[in-house]
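The values are calculated or read from the model by the stated rules, or taken from the named source; none is laboratory data. All figures in this text were calculated on a predicted structure; none of them were measured in a lab. Ideal geometry is used to build each Cβ from the backbone, glycine not excepted, and the neighbour counts take in all protein chains shown.
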């Protein structure tokens, strides 16, 4: 009973802070903190079944790798923020990732501006460099969202990320780039991964 009341109070406070539908980093509902979930969708853009499936994927990812992966969807953010500064502030406010490993990962989506961006700690960049995350988003999030299939796009990109992280599969990352990127970009990525393997 006390836990339910606490969750209700937190949700009410967050909703009160959402002035005219515009979110601040401090008012976005942190589902990880209040219900041990991984998807924050306070504006209800996703079907409950999609949220359940995404939570399962992200939970499996964390259990297998330790990477704390959160997905945040908001309709609109305050005008004083752009998606980059908002995401950095939110990522740090939530404290995503294990402190000693800095292995947090967050996907932020702002619906009214049709923007999305990944934010990651240094401990994740070895397997998921920015170039790869951008390509994953362009190939799975963008076309699905264009057709209003939000759950489909997020599930696809989350599964790809889960596979790369759980399998610790650098070959999977290279293969993905070979399919979607010009050969020179793939060659550069391959050299970078080889260097990481040697240094690691």
What's the total number of residues in segment 107-122 that are without any contact (Cβ under 8 Å) to a residue 40 or more places away in the chain and under 19 Å from residue 65 (Cα atoms)?
5
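Here's a check for you: in segment 98-107, which residue that is under 14 Å from residue 58 (Cβ atoms) and in contact with a helix residue (DSSP H, G or I) (Cβ under 7 Å, 6 or more places away or on another chain) is surrounded by the most Cβ atoms within 10 Å (Cβ to Cβ)?
105
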Lone unmet requirement of (1) over 12 Å from the mean Cα position of the chain (by Cα); (2) within 13 Å of residue 72 (Cα to Cα) for residue 93
(2)
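Residues checked against (1) crowded, with 16+ Cβ neighbours inside 10 Å; (2) not in a loop (DSSP other than H, G, I, E, B):
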| residue | (1), (2) |
| --- | --- |
| 109 | yes, yes |
| 113 | no, no |
| 117 | yes, yes |
| 124 | yes, yes |
| 134 | no, yes |
| 138 | no, yes |
| 141 | yes, yes |
| 145 | yes, yes |
| 148 | no, no |
Hey, among the residues in segment 63-73 that are without any contact (Cβ under 8 Å) to a residue 60 or more places away in the chain and buried (at least 19 other Cβ atoms within 10 Å of the Cβ), which one's nearest to the chain's Cα centre (by Cα)?
70
Return a yes/no flag: does segment 160-169 have any residue that is under 24 Å from residue 84 (Cα atoms), out of contact with any helix residue (DSSP H, G or I) (no Cβ under 6 Å at 6 or more places or on another chain), surrounded by fewer than 19 Cβ atoms within 10 Å (Cβ to Cβ) and modelled with pLDDT of 90 or more.
no
Just one of 88, 51 is within 17 Å of residue 155 (Cα to Cα), at pLDDT 95 or above, part of a helix (DSSP H, G or I) and under 14 Å from the mean Cα position of the chain (by Cα); which is it?
51
When you scan segment 127-138, do you find a residue that is within 14 Å of the chain's Cα centre (by Cα) and touching a residue at least 60 places away in the same chain (Cβ under 8 Å), even just one?
yes
Would you confirm whether any residue within segment 42-57 is on the phi > 0 side of the Ramachandran plot and surrounded by fewer than 20 Cβ atoms within 10 Å (Cβ to Cβ)?
yes
